[in-house]
Amino acid sequence: ILALLAAIAVPAMSPQVDAAKLEGTAEGISSLLWRAQAEAMASKRCVRVRLSGFDVIAERLNAYDCDTSPSTAPLIDSTAARWIQIADFKLDGAQMTMSFNPVPAESSATTLGGGEPDQLRFRPSGRLYSKDTDVTNDDGVIQITHAQMSGGGATVKVLVESQGLICVLKRGQNPTTSGTKLK
């Protein structure tokens, strides 16, 4: 009788398990972003967060100058790499995908001149990297999609506002309709 009840209950719980995995992944990525932001403020250096395959990677710049191209900024420690990894989060690649949607305008690979990946870059103040006074194009969003879920509930977005606020939006919620500045 127990085996029969278990056989009936397990498939019925699958959507809740998938939803919990998706939300847990979004919270994990949000925690990594908070850590990257705190590292930028504590070390007084730029910290970037980039996506690489199924990894979200946080790296601290081995230079004090955040405003120049990282490839030309003088290194603090000439024996260390230009970007030093401080944290990473591994995504369940069999079930989920992630992407920037959008990446902040001034830290996209094309704007950074190639050679650099799309990234969220935190300044030592904790704010996102920007060179202009128009903050409407400086917010960034990491979108996580669960392949086995369907409909609007299959996506969770982690919003990083230009001023430094980091939040996980409800499943299926779009930052353009949730009262944020993102345009």
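The values are calculated or read from the model by the stated rules, or taken from the named source; none is laboratory data. Bear in mind the structure is a predicted one, so any value in this text is a computation, not a measurement. No Cβ is skipped: glycine too gets one built from the backbone with ideal geometry, and neighbour counts run over all protein chains shown. With ligands, DNA and RNA removed, areas are computed over all heavy atoms of the protein, side chains included. Shrake-Rupley method; radii C 1.70, N 1.55, O 1.52, S 1.80 Å.
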With respect to T79, determine if the residue is closer than 22 Å to V160 by Cα and open to solvent by 70 Å² or more (accessible area, probe 1.4 Å). no
Would you mind telling me which numbered condition in (1) more than 21 Å from S130 (Cβ to Cβ); (2) among the hydrophobic types (A, V, I, L, M, F, W, C); (3) part of a strand (DSSP E or B) L5 fails? (3)
So which residues in the stretch 15-37 are open to solvent by less than 50 Å² (accessible area, probe 1.4 Å), touching a residue at least 40 places away in the same chain (Cβ under 8 Å) and out of contact with any Cys (no Cβ under 8 Å at 6 or more places or on another chain)? D18, A19, L22, T25, A26, G28, I29, L32, L33, A36, Q37
How many residues, within the stretch 6-64, are at pLDDT below 90 and in contact with a Pro (Cβ under 6 Å, 6 or more places away or on another chain)? 0
Working carefully through the options D118, D138, find the one that is modelled with pLDDT under 80 and in contact with a strand residue (DSSP E or B) (Cβ under 9 Å, 6 or more places away or on another chain). D138
Contacts under 9 angstrom Cβ, first residue in the stretch 112-125 being assigned to a loop (DSSP other than H, G, I, E, B), partner among the aromatic types (F, W, Y) and open to solvent by 40 Å² or more (accessible area, probe 1.4 Å), 6 or more apart: P124/Y64
